[in-house]
Every structure is written in C-alpha cells, then in structure tokens.
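Each remark here refers to the structure printed beneath this line.
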Amino acid sequence: MKAVSLRVAVVAALLACVSALALTPVSAQQSAKAEWDGVYTDAQAARGAKVYQQHCVFCHGKDLAGGNLAPAAGGPAFVAKWQSRPLRELFGYVQARMPYHNPNTLTRQANADVVAYMLQYSKVSAGAKEFAGDLSLKGGDPKRGEAFFTEAQAERGRQAFNRNCGLCHTTNDAKLTQKQVDEAPLPSSFAAPFLGRIYYGKMLYPTVYHLYTKMQSMPAFGNESISNNTRADIIAHILERNGFPAGNTELKPDLELMGQMMLNEQGFEHIFNGKDFSNLKFVLGTRCGPEPGGCARTEPGDTLTVLPGGKMYCKCDLHGYWYYPKKLTNFTVRFQHKFIKPEGWVGDDDIYMGGGGWLLFIQDTNMAGFGKSIEVEGRVRDMGDIFFIGGKQGKFTYDNAAKTKAVKVWDWNDIEIVSKDGVVKSYVNGALMSTITEHNDYPAGFFGMQVEGSPTEWRNIRIHVE
Ligand code: HEC
Ligand code: HEC
C-alpha cells in the first residue's frame, strides 16, 4: 500500500471518531490552573507558534479551536479538560501521540515549545523560565534515523496483529497512565509511547530483539500458531504505530541483526556499519607511523575482520589502532565489547588480562604508537582507568571498586563514554568508572580503539555528536 492511501484511510477514520468528539458539551469558561502560571516564556511560545503552523494547524485549525478533524488544542474547553492533571501529562500526550498521522516525530524541544504556545493561547500567563518538557519521559525520543521495515510489511503485520493478537491487545490507542508506565503491567495498547516505556530508569525494549523475544510466548493461546516471519511483520506494524519510519528493507527474524536495531537513540550514527570498514581508518604496526612515511599498515588485513551478526573481530596479534576520521569535542560514544575466552581457560576469571583501550581526542595519526591521545583503559583489571598518552597529564578520578563489580569478563560489556564541555565520563555496564575533569592538552580529535592484547569483539559502535 502506498503512503498516500494509508493517509487517506487515517483521515477517514479520523473523521468518524472526531465527529463524536465534537458533540461533547463545552463546559463553562474556566480560567487556567494557577500552577500553570509562569511555566513558559513568551519567546518560547513564539517558537511554538511556528511549530504549530507547520505540524498542527491542518487538523486543529488556525485558532486552535479544532473542527472536523480534531478537538480544540487551546481555549476554555481544552483548559477545562486538562487543568486537573499535571502539565507533564499534557506534554507526554503531545510528545507521544501528535501529530496524529505521524506521532512522536517531533523533538522534545519542539513539543515543549508548542505546549508553551497552547498555554499562551489559553491565557495562561508567561514567566521568566522556559518549559522544559517532561523529564520523566527521558529516553523516550526514539531514534528516527534508520528504517527497519517496509510499509508493505507493516500492513501485513497490521492484519496479522488483528487476527492473532487483537483479542487481548490493541495498537489503536494508547491509554497508558503514568502509573501504568511506572509499574509496567500489560498495557492496553502497543501504540506510542509503548516502545518508549521506562521501568526504574531502564528501557523495557531498548532494541527490536527485546520485543521479539517477548513475543516468542505469544499469542497466549499457542505460540505455534504464527511463524517467526509473521512475528517480524507484527513488529513492523508496532514500530510504525510508534512513529518509526518505513524504508526499503523488510525486517527479518534474525536475532543478531535485531539486537542492533536501537529503539531509543535519536541522533546516534553507527560508525562501524556491521558489514565493512568503510567509515574507519587504520594504523597497524608496533612503534610505526602509518605508510607511506612509516611502517604501519593502513589496511585491516586479517588483524581486524567482520563476523556475522555485525561484529568486528580483532585478532589483536599486532599493536596499533583504528579510528573514526572526524574531529570530535562534545560527543557520546556507545558500543559493546567482549573478550574471547581462551580455550581451556584455567583459574579465576578476573585474573584474565584482556587488553586494548578506547582512544579519545587522537591528535596526530602520523605518530608512532597510539598517537597523542587519552586512553580509557579496556583491560579487565583496570577497565575504565585513564592514561594520558604523549601529552600533558590531566586530572581524573577512577573508581576501582565500581569496576570490580561492573566488568563481565567473558560477556558483552556495554561501554559508554560521554565528553561534554571539558569533562569526560566513562561507564561500564551503566556504572561510572572514571571522570576526567581536565584535559587541556587534548582538544578536539578522533575517536578510536586500540588493537592490542588479546582477541576481542565489538559491535553496535555508535556516536552521537553534539
Ligand atoms: C492529522 C490531524 C492532526 C494533526 C496534524 C495534529 N493533531 Fe492533535 N489531535 C488530532 C485528533 C484526531 C485528536 C483526538 C485524538 C483522540 O482523542 O484520540 C487530537 C488531539 C490532540 C490533543 C488533545 C486534545 C484534547 O481534547 O484532549 C492535543 C493537545 C493535540 N492534539 C495537540 C496537537 C499538536 C500540538 C499538534 C502538532 C504538533 C497536533 N495535535 C497535530 C488530530 C491531529
Ligand atoms: C489470549 C490473550 C493474548 C493473546 C491472543 C496475545 N497476548 Fe500478548 N499478552 C497477553 C498477556 C496476558 C500478557 C502479559 C503476561 C505475559 O507477559 O505473558 C501479554 C504480554 C504481551 C507483551 C508484553 C507487553 C508489555 O507490557 O511489554 C507483548 C509484546 C505481547 N503480549 C505481544 C503479543 C502479540 C504480538 C500477540 C499476537 C501475536 C499477542 N501478544 C497475543 C495476552 C495475550
């Protein structure tokens, strides 16, 4: 089915349900709730007016009064309806459900601004501080960059969903209350913000894989009644209902690939694409600068290879590093890191050394060794510790006790390094390892990884640049 015909269907369905809404009696004029006073600024409302003109006016009308296509988004009836609820619920609603035909596609900032405009229009007084949106929905900005399914597949999935799941679930409407979100019971709907739900600070479905594994026990009247391909189709439908874009490639029920389809990371780019090394550069050779001046290889050879499942494998039989050739100052890098257990390993796991490290602010790739850079250590015994290579020492703290608890010796470790305004924090499996507070001698530079020590695998290497 083409996008146009889908949209026509949406609008037709809209007309049917909205005419019922339009009959709701409008209560007597009420003034806006006092708690709302002063929560936004006039400048913000002016920005919000632009968002409104671009994304909302078509249905909610020039004067926010609503009409055939949508209820009012401002004014007395609107205020009467929302004023007894915390403002974050209104924000959450707009963020997750609007624009109706393409929900959850605007940024948090745009949504906060448009809410400010709605408040201004409803005669709530402005103040000195901007409305920042609802922080309890943190992480709820799904990644919009990548398309994991096709439109035709989502349509197949919608039909399969109605047949096999519709008895107990819906994708039509999100009726989640904040309490339901917090307690994560069976939701009444899989539409947005279903995939953005957070439970005690953690995303319930961080990747497509997590949704897929949950669906293995479904439908609850016998999981054999549908194939895994049909499960993939149903996921396509759920993704579409959560505002994810359709593309040219169908979603396949492949566990490894689904594990890399992040649902919570707006603005991250995979710097290693899982198929080849086209975004990366190499300097491989002990105490060598790169060719042609030096003796180091600039090709991966068989030292670094790509394994099925989008993994990069490092034989690490040679010292050197690979890097992403873009100078970075403020950025977040995330990836997964795993050591390969030597055959017949004897002894305690934590005496295994491992090796390598993650290089920040690489200044000069023509230098022998690892270049002038800051290393976040990758070794088991001091993972996350900091070394200043080839330049002046800076200042940092390191938490050895946290490291001992956090590191998984033979399993995948989730690494995150955040560089912001001169402070660098490194995390292993969510625990803070180290904080660099001074690194003046290492301005903007490349991000890379050491090739060193022992066989290692990496996957899902992604960067968000600010
Ligand atoms: C394609 C039409 C359409 C567009 C575009 C649209 N909306 Fe809506 N909006 C609706 C419909 C339909 C409803 C009622 C939905 C329901 O009750 O489930 C609604 C409901 C709302 C409500 C709740 C109103 C109430 O009575 O509780 C708010 C607030 C809102 N929209 C804000 C916005 C904002 C802000 C934008 C732009 C970012 C926007 N809408 C874009 C159709 C639209
Ligand atoms: C007979 C009723 C029934 C049917 C049919 C059914 N489910 Fe469920 N589903 C449940 C119940 C009950 C739960 C909560 C308990 C559990 O997890 O088993 C649930 C939980 C889920 C969850 C986890 C929800 C959450 O809170 O994160 C997902 C996802 C899901 N089902 C998907 C599906 C899909 C997809 C289908 C169709 C292929 C389906 N279910 C068919 C009853 C059903």
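The values are calculated or read from the model by the stated rules, or taken from the named source; none is laboratory data. Everything quoted here is computed from the prediction, not taken from an experiment. Note that we place each Cβ from the backbone using ideal geometry, even for glycine, and neighbour counts take in every protein chain shown.
Observations on the structure shown:
- Residue check for LEU239: of a type in the set (A, V, I, L, M), more than 7 Å from ligand 2 (Cβ to nearest atom) and outside any helix (DSSP H, G or I): no
- When restricted to residues that are in a strand (DSSP E or B), among the charged types (D, E, K, R) and more than 22 Å from TYR324 (Cα to Cα), the range 370-396 contains 1.
- MET433 being under 25 Å from the mean Cα position of the chain (by Cα), buried (at least 18 other Cβ atoms within 10 Å of the Cβ) and among the hydrophobic types (A, V, I, L, M, F, W, C): yes
Yes/no matrix, rows are residues, columns are (1) within 26 Å of ASN102 (Cβ to Cβ); (2) buried (at least 16 other Cβ atoms within 10 Å of the Cβ); (3) more than 19 Å from the chain's Cα centre (by Cα); (4) without any contact (Cβ under 8 Å) to a residue 40 or more places away in the chain:
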{"position": "MET215", "(1), (2), (3), (4)": "yes, yes, yes, yes"}
{"position": "ALA232", "(1), (2), (3), (4)": "yes, yes, yes, no"}
{"position": "GLU240", "(1), (2), (3), (4)": "yes, yes, no, no"}
{"position": "ASN273", "(1), (2), (3), (4)": "no, no, no, yes"}
{"position": "SER278", "(1), (2), (3), (4)": "no, no, yes, yes"}
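- The set of residues in the range 436-466 being within 23 Å of the chain's Cα centre (by Cα) and farther than 23 Å from MET261 by Cα consists of PHE446 alone.
- Residue count for the range 398-421 satisfying the condition of being part of a loop (DSSP other than H, G, I, E, B), charged (D, E, K, R) and under 25 Å from the mean Cα position of the chain (by Cα): 3.
- Residue check, LYS129 on the phi > 0 side of the Ramachandran plot, away from ligand 2 (no atom under 16 Å from the Cβ) and modelled with pLDDT of 75 or more: no
- Looking only at residues in the range 52-94 that are in contact with a Leu (Cβ under 7 Å, 6 or more places away or on another chain) and within 18 Å of ALA112 (Cβ to Cβ), the one that is nearest to ligand 2 (Cβ to nearest atom) is GLY92.
- Meeting the requirement of 1 or more residues that are of a type in the set (Asp, Glu) and more than 9 Å from ligand 1 (Cβ to nearest atom), the helices (runs of 4 or more DSSP H) wholly within the range 45-140 are 87-97, 108-121.
- Residue among LYS372, LYS392 that alone is farther than 21 Å from PHE282 by Cα and either in the same structural domain as TYR321 (by TED's automatic domain parsing) or basic (Lys, Arg) (or both): LYS392
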